[in-house]
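Each remark here refers to the structure printed beneath this line.
The values are calculated or read from the model by the stated rules, or taken from the named source; none is laboratory data. Just so it is clear, the model here is predicted, and its values are computed rather than measured. Positions of Cβ are backbone-derived with ideal geometry, glycine not excepted, and every protein chain shown enters the neighbour counts.
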Amino acid sequence: MPVAISPIPYGFQRQVTLWACALVMLTALLVLVGWVMGFATLESVAQGWPTMKVNTAMGFLVSGLALFLFGWSRQSSRAVTGIIALLATVLVVVPVLTLLQDPMGWGQGIDRMLSPLMALSHPEGFGRMSQASAVGFVLVGLAIALLQGNSRCIWAAQSLASSVLLLALLSLLTYLSDSRSDVARPFSSMAVHTACAFVALSIALVAVRCQQGWVREFFRDTPTARIGRRYLASTVLVLPLLAQLTIIGERNLGWYGPHFGIVILTAASIAVLASLNWTAVRLGNEADRKLSNLRRVNATLSGINTLIVRVQDKESLFNEACQIAGEAGSFPWVWIASIDPERRQADLQAWAGSRDSLLQGLGPRLDFGGAAGGNGGMLDQVVRTRSPVIVNDLFSASAAGEPEQRRVRELLDAGIRSLVALPLVVGDAVVGVFVLHAELRDFFNRSEMRLLEELAGDVSFAIRHLEKEASLNYLAYYDPLTSLPNRTLFMERLGRQLRSAAREQGQVALVLGNLQRFRMVNETFGRHVGDELLRQLAQRLVQSSPYPDNLSRINSDSFACFMPGDDLHLLGHQVQSMFDGALEQPFQFGEQPVTAEFTVAVAVFPADGNDGETLMANAETALRKAKAAHVPLMYYEAAMNARVAETLDLEHRLRRAVDHGELELHYQPKVDFSERRIRGVEALMRWRDPERGLVPPGQFIPLMEEIGLIRQAGAWALRQAVTDMERWRAMGLQVPRCAVNVSAMQLRNKDFVKTVVDAIAGAGDGDAMLDIELTETLLMQDVSQTRTVLQTLRGVGVNVAVDDFGTGYSSLAYLARLPINALKIDRAFIMEMEQHVQGVTIVAAIISLAHSLNLEVIAEGVETEVQAAILQGLQCNLMQGYLFSRPVPFDALAKMLPSAHAGVGIVPAA
């Protein structure tokens, strides 16, 4: 961390200058009053001592006035500068004339020139200043003149001011040592208050430009400059005192002669200077230690901030934060504990350092009443105050009780001298404590604590972010009502199991169980009873299933489980036992027993499907057939796989559709919540088969991707969307931005950017206003290449949205690194909001995190006003769904768009 080298503030400099000038001018005025009124005490401090002459007093008035003008403002006007120059000239000329009187044989004219009226009552040399005073004023005048120059002039002015100070101190020391008779006349004739005034003048001369020149080194706000000021002041005060004591021993007490007095003074001066040197070195070492401490803390802060950007979980955060503090910060012992205020306990999470012997005494669980770090009740105090607890001297730390005293001794024996406990605060609660130990006493001072409190805040922010992301991930992969895996996680696990079974040539049975008459339970007893029924049923299935880790709740009233094994008869027995065990006893809600029944379907890998999606689809087909036939259990039959023939026929007709222009785009509006105005549209591909009419997209889009037609059809969709927007614009309508879905095959095509740019070119001179939507799973594939493509598209005005967010495997923090503009919440989360409060929680978390990353949030599949109201309350930006409009053809949307010259609202389609 850089050391502050700023000079002492201008306010201090100004105050010193003005007070010194005021003291000088007040002294001069008192002397002049003494000469006019005849008060001898004001002329000379003591009887028989030299007097301050009138010219000397006038010189001090002029000097004080000039420096007063300097110190009054930072920037002087030309008039003020001229006045200062004139006063400096007077200060030089008059003393020079005084010095030339004796050599030139002049008379007393200079003595009377300034005060002719006083000359009548004081005929004998009342005005002439001493030669030493004249020299002092010449130096002062030159210094004042030089202060208005450049840096070299200021350097010289400060040197002259130092000469004035030495001259005045020399005269003062003659009074202090009573040796005026032993020195030359110029120094013995300077009055004591003249010398004091010169000292004040020299201080003012130095202070007025203390931010410049060589003096500025003493006035920097640094530890070294502060040490230098103390050293200088001590030298000026102590050495004259030693000289005075030597003189007293020689003259007054007669203990020794003058030569031995010089020896004593020399030895004493050496001792004093050595002591001052030792003090300077000690203070310098202390300053270096503080700087080293700050660097250690700053290195810890920097390392942890770098860690926060990349860490993915709290365990890694705690472990690596301790490691950084121990290595980069050189702290001998650090640890982090999580706090449980209700149990009044803290659980040790991570530690690092070179004092491993302390770990045994610390233990995995810490009690709030224990010392835990050397100070009684430290954890309790941290939790209560939510403030750091500092122990800067373990030698004097108070510890109540033998366990705490023992802990202090252990720390001292390990070389620990100070510690700090930093609270980790999330919301209004202390969720953890970060404790750092130092080997130095008084390590944790104000400067260090500012950085450490920032460090604790950064770690707390990371904890809050990781907890939100962990909650989001949990809600994305687990059913919050039953705590079972949801469909997404189940299909992922099923896929892994099928790949393993394929390698080993084994079989896997996929079992679906649908709860019969569940809607009637909700309508009869209330939704809260239905939720409780699902929770209890999930618990029973976990207990009765031979594979509880393979269970899942895949939708509102259906459960799934996969069972590996080669014996189909055994699998059938296991399926029957699992559901019989779960339903053996009725469910009790108050005094009302509720019985439940399942319809069960089974599909077996590999006979009924070679992958998870196929196996699930066939199991669902068998389930629908079982429900239609009112049978409790049904296996999928191979004869039902006749859809393969239909798929081949569908492929042939789909290729014909692409070649003959049977595809068309329908548009679904994206609207705001307050005015329900269209802010954008999503273009959705539709196939109008001459034989079957509109074919559902779920039937032909996956097939297009499978056979590679999606690249050709996707390029057509981009061009058609731009063409349709141009047609709306030509009709005089307000054209919103239009988003087109992009598949993996399109995005990975090396000509994809060119395809988009060519489509945009169809807009002519107008703004194409074309956007693309990508699924989060697609975004996370080859992130580097994806980032390059998206940045290029952003450069030509194409915005990017993440479609169906929450169904993939990415994180918002990772998506923030990609050039995206918006995030679309998958309709599954929107549907869940009305059923469970946890659904609202996950949507709120997504919106909050997205807004923190400056992403626009669009809710998909909004079908009810209740959903819209919840989303509006959560500050979602836009919604899309049947509540406002289904996807509609070109002409239908044109009727919904307002005129380009009208400010009217938009009426939803019927």
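Here is how the numbers come out for the structure above:
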quantity: Strands (runs of 3 or more DSSP E) wholly inside segment 668-760 that include at least 2 residues being small (G, A, S); calculated: 678-689
quantity: Test: residue in segment 331-342 that is under 26 Å from L440 (Cβ atoms), at pLDDT 85 or above, out of contact with any His (no Cβ under 8 Å at 6 or more places or on another chain) and in a helix (DSSP H, G or I); calculated: no
quantity: Candidate set from segment 738-758 (those that are in contact with a strand residue (DSSP E or B) (Cβ under 8 Å, 6 or more places away or on another chain) and of a type in the set (A, V, I, L, M, F, W, C)); member that is farthest from L893 (Cα to Cα); calculated: L747
quantity: Close pairs from segment 202-217: first over 22 Å from V24 (Cα atoms), partner in a loop (DSSP other than H, G, I, E, B) and modelled with pLDDT of 80 or more, Cβ under 6 Å, at least 6 apart; calculated: none
quantity: Strands (runs of 3 or more DSSP E) contained entirely in segment 358-437, each with at least 2 residues that are crowded, with 18+ Cβ neighbours inside 10 Å and at pLDDT 70 or above; calculated: 389-391, 418-426
quantity: Within segment 475-505, tally of residues that are over 17 Å from S558 (Cβ atoms) and touching a helix residue (DSSP H, G or I) at 6+ places or on another chain (Cβ under 8 Å); calculated: 6
quantity: The listed residue being at pLDDT 90 or above and more than 30 Å from N618 (Cβ to Cβ), out of R737, R688; calculated: R737
quantity: Enumeration of residues in segment 609-621 that are of a type in the set (A, V, I, L, M, F, W, C) and either in a loop (DSSP other than H, G, I, E, B) or touching a residue at least 24 places away in the same chain (Cβ under 8 Å) (or both); calculated: L615, M616, A619
quantity: Selection count, segment 859-883, where residues are in a loop (DSSP other than H, G, I, E, B), more than 14 Å from V802 (Cβ to Cβ) and not small (G, A, S); calculated: 8
quantity: Within segment 289-329, tally of residues that are closer than 21 Å to R226 by Cβ and touching a residue at least 40 places away in the same chain (Cβ under 8 Å); calculated: 6
quantity: Options G530, G526; residue that is surrounded by 20 or more Cβ atoms within 10 Å (Cβ to Cβ), outside the structural domain of E834 (by TED's automatic domain parsing) and not β-branched (V, I, T); calculated: G530
quantity: Among residues of segment 343-357, those that are under 19 Å from A414 (Cβ atoms), small (G, A, S), in contact with a Phe, Trp or Tyr (Cβ under 9 Å, 6 or more places away or on another chain) and modelled with pLDDT under 85, counted; calculated: 2
quantity: Qualifying residue in segment 562-574 (condition: within 22 Å of R624 (Cα to Cα), surrounded by fewer than 20 Cβ atoms within 10 Å (Cβ to Cβ) and within 53 Å of the chain's Cα centre (by Cα)); calculated: no
quantity: Residue within segment 172-193 that is in the same structural domain as V16 (by TED's automatic domain parsing), at pLDDT 80 or above, surrounded by fewer than 17 Cβ atoms within 10 Å (Cβ to Cβ) and not in a helix (DSSP H, G or I) present; calculated: no
quantity: Filtered residue count, segment 817-841, keeping only those that are surrounded by 16 or more Cβ atoms within 10 Å (Cβ to Cβ) and in contact with a strand residue (DSSP E or B) (Cβ under 9 Å, 6 or more places away or on another chain); calculated: 12
quantity: Of all residues in segment 295-340 being among the β-branched types (V, I, T) and more than 20 Å from the chain's Cα centre (by Cα), the one that is nearest to R355 (Cα to Cα); calculated: V334
quantity: Filter result for A868 (of a type outside the set (D, E), crowded, with 20+ Cβ neighbours inside 10 Å, at pLDDT 90 or above and touching a strand residue (DSSP E or B) at 6+ places or on another chain (Cβ under 7 Å)); calculated: yes
quantity: F318 aromatic (F, W, Y), part of a helix (DSSP H, G or I) and at pLDDT below 85; calculated: no
